[in-house]
Number of protein chains: 2
Amino acid sequence: MSSVASSSPGDGPGGSRGSGKPKGAPRGRVDKREAILRAAFAVFSRRGYAQACVQEIAEEAGVAKPTVYNHLNDKESLFRHAVEAEADALLAEVLAAVEQLRDRPRDEDPRDALTDLAQRLAGSWCGERARALRRLAYAQVAQFPDLAESVQDRVAQRPAAALADRLARLSLAGRLRPCDPELAAEHFFALLTGPLESRSRLGTRRVPAAELRATAEAAVDVFLRAYASHGDSADSADSGGGRGGGG
Amino acid sequence: MSSVASSSPGDGPGGSRGSGKPKGAPRGRVDKREAILRAAFAVFSRRGYAQACVQEIAEEAGVAKPTVYNHLNDKESLFRHAVEAEADALLAEVLAAVEQLRDRPRDEDPRDALTDLAQRLAGSWCGERARALRRLAYAQVAQFPDLAESVQDRVAQRPAAALADRLARLSLAGRLRPCDPELAAEHFFALLTGPLESRSRLGTRRVPAAELRATAEAAVDVFLRAYASHGDSADSADSGGGRGGGG
DNA sequence: ACTAGAATGAACTCGTGAGTTCAGTTGCGT
DNA sequence: ACGCAACTGAACTCACGAGTTCATTCTAGT
């Protein structure tokens, strides 16, 4: 799961310090490193890369500035490691949601499973962490394009691939019409996240839970009208509020 | 098509400044202001807000630094004006594309009109200007939330509203099933821009024209399967590669 | 030609923040 | 008790960039 090639020069304190210690854990005292990375992400996400200052990160981590530089070479690697770690965490969260489709009863209406999924994804997507990740990655595309790609991979590409797997099974089982699963997954995510991005106005507005739910349902609704097999439930008379969403 | 700054109007510093010749560079007062704003957007978009320096903007505009401050108070207002101007231009471009739906023959297959629209929107969306706008607005959300909202309004909200108008007409004319036009417009944009964002990997990858076209067609395809009225053409046997299988 | 004002280049002030240095402190293993 | 290595706080260097000042130069309007 660890992503970043771990041995940047000067990555850790005891990396290959002196004579081989049978320690196992290369770090000296405690897990300052994790605290530092967590603090770094927090500060970066509220200030942005350029506006964040290392001193503040150190304070937030409860650590002295030289300690920060003792663990990570410079501001850039601080940024990269913090962002990648958080992207990994988000990926795990999202993959867990997608993988839930696996243990659904085989004869269940796909709508129920997909609605569940959409709800969970909507939650993740609008969460503080996800928003900050997208913002930071997007903002620094010019400076760290490889980082942006790596984040995009974890936040979009790989979740889509995982969903494509599940959709392929549904399609094979006749619950979805025959289709390109990659494309279908792409559309599923688009129908969900596009409206969310718009509703939250780039994150400047808090989307109420009810609207979140409605958006997820509308996404599933449209998705199924396009992708459900003919025999299956792909019709809900109005599309205005999703299924049962009379309001 | 005014792409970006017209190279160096004149010649840059040191050229006209000699002891004798008033040749070549007419450094008279023209619309320096526009040149400055265009240059500012160009520099901001390749460097980001914090990394951009006013000196570079001045050079790109073919102007001295004090002149920049003579027209705009400080870096922040430079940023705001540059971004808003560019957002206005993009809005006009997008609205023009949407308004084209107006003068389509009333009995035409909506698919043709929507496909045309999707192609044009895809072009705009992936253009240098649109990408830079999204990136800058997104990046500075924390620092200038009002600016981000204003950009989002011009880039997403208002185009969606305009499209909703057109979709309402189509729906009323029986070419689309009865639906909430706002929601439909939201879904249309989502189906288009979501995949584009993903394919371009946040702008780090250039999307070939063919893929762009295929993505647009796939979006329209799904949209129509969900929103076409029953009598109309909402079926293309395979969804794998869009209609006609782009190669 | 004369004048007013916009524009210029260069040098300046000043704040900020990255990264370092260092002398001293703490905690753990032996 | 000793020593090692991480940790600390504070003060430091250094580069960079926002914004200003100024003497000068150019252009337009009359």
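The values are calculated or read from the model by the stated rules, or taken from the named source; none is laboratory data. All values reported here derive from a predicted model rather than from experimental measurement. Note: ideal-geometry Cβ built from the backbone for every residue, glycine included; neighbour counts use all protein chains shown. With ligands, DNA and RNA removed, areas are computed over all heavy atoms of the protein, side chains included. Shrake-Rupley method; radii C 1.70, N 1.55, O 1.52, S 1.80 Å.
Using a 1.4 angstrom probe on protein heavy atoms only, the contact between B and A buries about 4200 square angstrom of accessible area, both sides summed.
For residue A:99 and residue B:146, FRET efficiency with R0 = 35 Å and r from the beta-carbon atoms, rounded to 0.05? Efficiency, from the Cβ-Cβ distance: 0.30. Within the same chain, aspartates and glutamates fewer than 8 places from residue A:65 are excluded, and of the rest, those with a Cα less than 18 Å from its Cα are A:11, A:31, A:34, A:56, A:74, A:76. For peptide B:199-210, the mean count of partner chain Cβ atoms within 10 Å of a residue's Cβ comes to 3.
Between residue A:158 and residue A:116, what's the calculated FRET efficiency when r is the beta-carbon distance and R0 is 25 Å? Round to 0.05. Rounded to the nearest 0.05, the efficiency is 0.80. Of the residues making up segment A:147-189, those losing 50 Å² or more of accessible area when the isolated chain is joined by the remaining protein chains, with a 1.4 Å probe, are A:149, A:152, A:157, A:177, A:183, A:186, A:187. Computed from label points 7 Å out along Cα-Cβ, the spacing between residue B:77 and residue A:206 is 3.4 nm.
Normalised by 2.2 N^0.38 Å, where N is the number of residues, the alpha-carbon radius of gyration of segment B:83-227 equals 1.04. Other protein chain C-beta atoms within 10 Å of residue C-beta, averaged over A:216-229: 4. With its label point put 7 Å out from Cα toward Cβ, residue B:50 sits 0.8 nm from the same residue's point in the other copies, in order from shortest.
Residue B:194 sits among other residues whose Cβ lies under 12 Å from its own Cβ, and their net charge, with Lys and Arg +1 and Asp and Glu -1, is -3. Run through segment A:49-116 and list the GluC sites (Glu not before Pro) located in a DSSP loop whose Cβ has at most 13 other Cβ atoms within 10 Å. Those that pass, being in a loop and sparsely packed, are A:108. Here's how it looks for residue B:176: its modeled amide H is under 5 Å from those of B:171, B:229, which are all 5 or more places away or on a different chain. Only protein atoms count toward the accessible area here, which uses a 1.4 Å probe; on segment B:83-227, the carbon and sulfur part of that area reaches 50 percent. Here the peptides A:39-45, A:216-222, B:162-168 are ranked by packing, the mean other Cβ count within 10 Å, and the order with the highest first is A:216-222, A:39-45, B:162-168. Within segment A:32-71, the proportion of Cα pairs with more than 16 Å between them is 21 percent. Distances between equivalent label points of residue A:153 across the copies, with each point positioned 7 Å along Cα→Cβ, amount to 4.0 nm, shortest listed first.
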